[in-house]
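See below for the structure under consideration.
The values are calculated or read from the model by the stated rules, or taken from the named source; none is laboratory data. The shown structure was predicted, so the numbers you read here are calculated from the model rather than taken from an experiment. Heads up, the Cβs are rebuilt from the backbone with ideal geometry, glycines too, and the neighbour counts pull from every protein chain shown. The protein model used for the area step is the full one, side chains on, heavy atoms only, and it has no ligands, DNA or RNA in it. Shrake-Rupley method; radii C 1.70, N 1.55, O 1.52, S 1.80 Å.
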Amino acid sequence: VQLQASGGGLGQPGGSLSLSCRASGSRVSFNSMGWYRQAPGKERELVESLNRRGSATYQDSVKVRFTISRDNAKNTVYLQMNSLNPEDTAVYFCYFDTVYGRAWGQGTQITVSS
């Protein structure tokens, strides 16, 4: 499975950014998909994920502000980020889980600064 992430960049406090991540090369269904992030000097942490049934899991700090969604036909997962704050600055990684394991995207920098 190959993942290609896009979006992100520089955002202002209170502003919005979005990410997308498309999976290709797999003929099996995905068990779950989602986003992690890693800020400088910190461990990678789960941001949001969707399981096979479409139920979402959120990190408390992004609940209400971030929204995960997917397009099954396009094998794509999205992350809409609203009400950004500087603590959201990190490299964001998408992932897809299949029965063969987890595939990671290349990482996309999100910087929130005025």
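Taken together, the residues in segment 87-103 that are in a strand (DSSP E or B), over 15 Å from E48 (Cβ atoms) and aliphatic (A, V, I, L, M) amount to 2. The set of residues in segment 53-67 that are free of Cβ contacts under 8 Å to residues at least 24 places away in the same chain, open to solvent by 50 Å² or more (accessible area, probe 1.4 Å) and not aromatic (F, W, Y) comprises R53, S55, T57, D60, K63, V64, T67.
The residues of segment 23-40 that are modelled with pLDDT of 95 or more and either over 14 Å from A103 (Cα atoms) or open to solvent by 30 Å² or more (accessible area, probe 1.4 Å) (or both), listed by number, are Y36, R37, Q38, A39. If you check Q106 against the conditions, is it among the polar types (S, T, N, Q) and outside any loop (DSSP other than H, G, I, E, B)? Judged against the criteria, Q106 is not a match.
Residue pairs whose Cβ atoms lie under 6 Å apart, sitting 6 or more positions apart in sequence or on different chains, and linking a residue in segment 86-104 that is under 30 Å from S114 (Cβ atoms) to a partner that is surrounded by fewer than 17 Cβ atoms within 10 Å (Cβ to Cβ) and not polar (S, T, N, Q), are A90/A39; V91/G107; F93/W104; F93/G107. Would you call G15 open to solvent by less than 40 Å² (accessible area, probe 1.4 Å) and either within 14 Å of the chain's Cα centre (by Cα) or free of Cβ contacts under 8 Å to residues at least 60 places away in the same chain (or both)? Considered against the rule, which asks whether it is open to solvent by less than 40 Å² (accessible area, probe 1.4 Å) and either within 14 Å of the chain's Cα centre (by Cα) or free of Cβ contacts under 8 Å to residues at least 60 places away in the same chain (or both), G15 comes out as no. Residues that are on the phi < 0 side of the Ramachandran plot, in a loop (DSSP other than H, G, I, E, B), touching a strand residue (DSSP E or B) at 6+ places or on another chain (Cβ under 6 Å) and not acidic (D, E) do not occur anywhere in segment 64-76.
Suppose we filter L50, L84 for residues that are surrounded by 15 or more Cβ atoms within 10 Å (Cβ to Cβ), out of contact with any Cys (no Cβ under 6 Å at 6 or more places or on another chain), assigned to a loop (DSSP other than H, G, I, E, B) and modelled with pLDDT of 95 or more; which single one remains? Reasoning before the result, please.
On the way: L50 fails: assigned to a loop (DSSP other than H, G, I, E, B).
The conditions single out L84.
Would you mind stating whether R70 is closer than 25 Å to L10 by Cα, surrounded by 15 or more Cβ atoms within 10 Å (Cβ to Cβ) and over 13 Å from the mean Cα position of the chain (by Cα)?
Details: closer than 25 Å to L10 by Cα: yes; surrounded by 15 or more Cβ atoms within 10 Å (Cβ to Cβ): yes; over 13 Å from the mean Cα position of the chain (by Cα): no.
In short, no.
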